[in-house]
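Have a look at the structure below before the remarks.
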Amino acid sequence: MSSLLPAATDTTGTPSPAPRDTLHFPPTHQAQLAPYLPSPPNTKPSLPHVTLTFATSLDSALSLAPGTQTFLSGPQSKAMTHFLRSQHAAILIGVGTAIADDPSLNCRLEGVGGFGGEGLEGQPRPVVLDPMGRWDVNGESKVIRLAREGKGRGPWVVTAEKSVGGLVVEGREVLGRTGGRYIVVPSTEVGGREAMEWRDVFSTLHDLGIRSVMVEGGAGVINGLLEPRNAELVDSVVVTVAPTWLGEGGVVVSPPKRFDQDGKRVPTARLKDVRWIPLGEDVVMCGRLLAS
Ligand SMILES: NC(=O)C1=CN([C@@H]2O[C@H](COP(=O)(O)OP(=O)(O)OC[C@H]3O[C@@H](n4cnc5c(N)ncnc54)[C@H](O)[C@@H]3O)[C@@H](O)[C@H]2O)C=CC1
Ligand SMILES: Nc1nc(O)c(N)c(N[C@@H]2O[C@H](COP(=O)(O)O)[C@@H](O)[C@H]2O)n1
């Protein structure tokens with residue numbers, strides 16, 4: 001993880017050209033985000049720094065409809081997201097997002113490995129939370145193609161013990177060839193689904209050497225992490241707000257209702273230490289979750 005890496009050079013010392021989709025995020029903007037970035041020493045024992053980040057519309061939607069991808073971030077806030085990716089050891093998404101988006105999950109910031117930098121320096125590890133083994137990861141998955149091209153790392157897929165037997169061999173081999181793998185985390189069956197404790201997910205990643213995780217979504221993941229019992233696991237929140245309303249039927253960030261000891265309805269979560277950073281037509285809101 002680094003912000004400004006030296007450009008890769010060939011044997012004659014000439015800088016190699018960066019790919020055309022390389023992004024740039026100016027140092028002045030990088031400095032504004034600094035208080036919310038992972039910075040050692042991490043005070044939480046056996047847990048990584050966790051940044052919860054996503055782009056939302058004005059009606060709290062992540063996408064127009066389930067199973068579809070919607071581009072909300074403008075060019076500057078997109079570059080901000082890639083700067084954040086460069087500052088974390090891993091990016092985590094839920095399997096709903098992996099299936100809907102077929103995402104790249106790499107970092108395309110100038111100076112990062114594959115984009116002007118050396119090797120895979122600055123490239124985060126993609127992590128997909130897939131307890132039931134639903135993601136058909138194969139040689140055509142974007143994240144796999146990019147790992148093959150040296151523009152990203154092979155993904156780790158977090159799954160439940162029960163699902164291991166049903167995982168297709170091809171997926172296992174495809175992951176293995178790019179340095180990816182399946183990781184088993186304890187789970188319990190709730191309504192026919194395998195539910196994991198977020199603490200277990202993060203501590204398993206920490207045991208595997210991951211010291212910072214950027215959680216990108218989607219709604220199932222974000223709404224779960226915004227539940228009060230998980231608030232202490234989240235260190236920073238960075239939300240891109242795009243100036244658009246997506247309308248009814250979108251996939252929305254709206255965590256479960258919360259009640260106090262008297263049974264009175266209270267807000268589910270709130271941010272403190274808030275900073276707003278305008279980036280193009282979007283605004284990026286940074287903060288920390290108030291302890292409940
Ligand atoms: N605008 C943005 O920044 C982003 C938008 N999206 C959008 O969000 C949508 C996908 O959202 P969702 O359908 O809600 O899917 P999701 O990506 O949140 O995945 C949900 C799945 O994750 C797993 N999961 C979540 N919490 C778990 C837990 N505690 N234990 C075990 N498994 C757990 C389950 O399998 C669950 O079905 C897509 O339309 C995508 O484009 C996704 C990421 C960012
Ligand atoms: N920051 C942000 N803005 C948006 O408008 C988005 N739709 C997302 N989605 C997240 O980014 C992933 C796609 O990115 P790449 O394919 O890696 O470029 C997607 O899977 C979501 O996690 N994010």
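From the list GLU110, GLU121, which one is away from ligand 2 (no atom under 14 Å from the Cβ), among the charged types (D, E, K, R) and touching a strand residue (DSSP E or B) at 6+ places or on another chain (Cβ under 6 Å)?
Numbers: GLU110 fails: touching a strand residue (DSSP E or B) at 6+ places or on another chain (Cβ under 6 Å).
Going through GLU110, GLU121 in turn, just one is away from ligand 2 (no atom under 14 Å from the Cβ), among the charged types (D, E, K, R) and touching a strand residue (DSSP E or B) at 6+ places or on another chain (Cβ under 6 Å): GLU121.
Which one of GLY280, GLY250, GLY224, GLY263 is surrounded by 13 or more Cβ atoms within 10 Å (Cβ to Cβ), at pLDDT 95 or above and out of contact with any helix residue (DSSP H, G or I) (no Cβ under 8 Å at 6 or more places or on another chain)? Outline the logic, then answer.
Values: GLY280 fails: out of contact with any helix residue (DSSP H, G or I) (no Cβ under 8 Å at 6 or more places or on another chain); GLY224 fails: out of contact with any helix residue (DSSP H, G or I) (no Cβ under 8 Å at 6 or more places or on another chain); GLY263 fails: surrounded by 13 or more Cβ atoms within 10 Å (Cβ to Cβ).
None of the others qualify; the one that does is GLY250.
Free of Cβ contacts under 8 Å to residues at least 60 places away in the same chain and farther than 19 Å from PRO48 by Cα: which single residue out of VAL184, VAL190 fits that description? Reasoning before the result, please.
Details: VAL184 fails: farther than 19 Å from PRO48 by Cα.
Testing whether each residue is free of Cβ contacts under 8 Å to residues at least 60 places away in the same chain and farther than 19 Å from PRO48 by Cα leaves just VAL190.
For SER77, only one of the following conditions fails: (1) touching a Ser or Thr at 6+ places or on another chain (Cβ under 8 Å); (2) of a type outside the set (A, V, I, L, M); (3) modelled with pLDDT under 95; (4) surrounded by 14 or more Cβ atoms within 10 Å (Cβ to Cβ). What is its number?
(3)
Quick check on ARG125: is it modelled with pLDDT of 95 or more, crowded, with 21+ Cβ neighbours inside 10 Å, basic (Lys, Arg) and more than 22 Å from GLY280 (Cβ to Cβ)? Can you show your working first?
On the way: modelled with pLDDT of 95 or more: yes; crowded, with 21+ Cβ neighbours inside 10 Å: yes; basic (Lys, Arg): yes; more than 22 Å from GLY280 (Cβ to Cβ): yes.
It is true that ARG125 is modelled with pLDDT of 95 or more, crowded, with 21+ Cβ neighbours inside 10 Å, basic (Lys, Arg) and more than 22 Å from GLY280 (Cβ to Cβ).
Among the helices (runs of 4 or more DSSP H) confined wholly to the stretch 16-107, which include 3 or more residues that are more than 12 Å from ligand 1 (Cβ to nearest atom)?
Values: elements: 27-33, 75-86, 95-101.
Passing ranges, in order: 27-33, 75-86.
Based on this model, can you work out whether LEU62 counts as among the aliphatic types (A, V, I, L, M), touching a strand residue (DSSP E or B) at 6+ places or on another chain (Cβ under 6 Å), within 28 Å of GLY133 (Cβ to Cβ) and buried (at least 18 other Cβ atoms within 10 Å of the Cβ)?
So LEU62 fits the description; yes.
Residue check, TYR182 against (1) away from ligand 2 (no atom under 16 Å from the Cβ); (2) touching an Asp or Glu at 6+ places or on another chain (Cβ under 7 Å); (3) not basic (Lys, Arg), all met but one. Which one?
(2)
The values are calculated or read from the model by the stated rules, or taken from the named source; none is laboratory data. Because the structure is a prediction, the values reported are computed rather than measured. Backbone-built Cβ (ideal geometry, glycine too); neighbour counts: all protein chains shown.
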